[in-house]
Amino acid sequence: MDDAIRTKLESAAFRALQKHLMEERPDVQNIDLMNLAGFCRNCLSRWFQEAAKENGIDLSKEEAREIFYGMPMDEWKTKYQLEVNSETEAKFQKAFSENVKSTD
């Protein structure tokens, strides 16, 4: 497999993951993703921002999130983010204290 095909397939896989998280499973909370997998939608948008920077494109955190979420972050939070229960928060805090990198 050459690099161009590999990049095309990786891009398609990323878009499928993005669509799955944003359109098909917006009910899955970022904190639950962090607790389960150690990354969330915000991490993905940050990685997008970092990739842009590596390619000479300057994106703010808010711009990268809006690209990934398909809407401003505040709008997404209003539509989909739920209150976190104490058990989920404690699990997150334990993981965070063990150096899991997090974003808002």
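The values are calculated or read from the model by the stated rules, or taken from the named source; none is laboratory data. This is a predicted model, so every value here is computed, not measured. Using ideal geometry, Cβ is built from the backbone for each residue, glycine included, and neighbour counts are taken over all protein chains shown.
Side notes on the structure shown:
- Look at (1) surrounded by 15 or more Cβ atoms within 10 Å (Cβ to Cβ); (2) within 11 Å of the chain's Cα centre (by Cα) and you find that LEU17 fails only one, number (1).
- Out of LYS101, LYS8, LYS77, LYS91, sole residue that is basic (Lys, Arg) and at pLDDT 95 or above: LYS8
- Where MET1 falls short, out of the listed (1) modelled with pLDDT under 95; (2) of a type outside the set (Ser, Thr, Tyr); (3) under 29 Å from SER97 (Cα atoms): (3)
A quick yes/no check of all residues on (1) within 21 Å of GLN18 (Cα to Cα); (2) buried (at least 16 other Cβ atoms within 10 Å of the Cβ); (3) free of Cβ contacts under 8 Å to residues at least 60 places away in the same chain:
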{"site": "ALA52", "(1), (2), (3)": "yes, no, yes"}
{"site": "ASN55", "(1), (2), (3)": "yes, no, yes"}
{"site": "ARG65", "(1), (2), (3)": "yes, yes, yes"}
{"site": "GLY70", "(1), (2), (3)": "yes, no, yes"}
{"site": "MET73", "(1), (2), (3)": "yes, yes, yes"}
{"site": "THR78", "(1), (2), (3)": "yes, no, yes"}
{"site": "ALA90", "(1), (2), (3)": "no, no, yes"}
{"site": "GLN93", "(1), (2), (3)": "no, no, yes"}
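- Helices (runs of 4 or more DSSP H) within segment 28-72 that include 1 or more residues more than 25 Å from THR88 (Cβ to Cβ) and modelled with pLDDT of 95 or more: 41-54, 61-69
- Filtered residue count, segment 32-47, keeping only those that are over 11 Å from the mean Cα position of the chain (by Cα) and surrounded by 15 or more Cβ atoms within 10 Å (Cβ to Cβ): 2
- Cross-chain or 6+ apart pairs with Cβ under 7 Å, segment 32-48 first and touching a residue at least 12 places away in the same chain (Cβ under 8 Å), then small (Gly, Ala, Ser) and buried (at least 19 other Cβ atoms within 10 Å of the Cβ): SER45/ALA64; ARG46/ALA64; PHE48/ALA64
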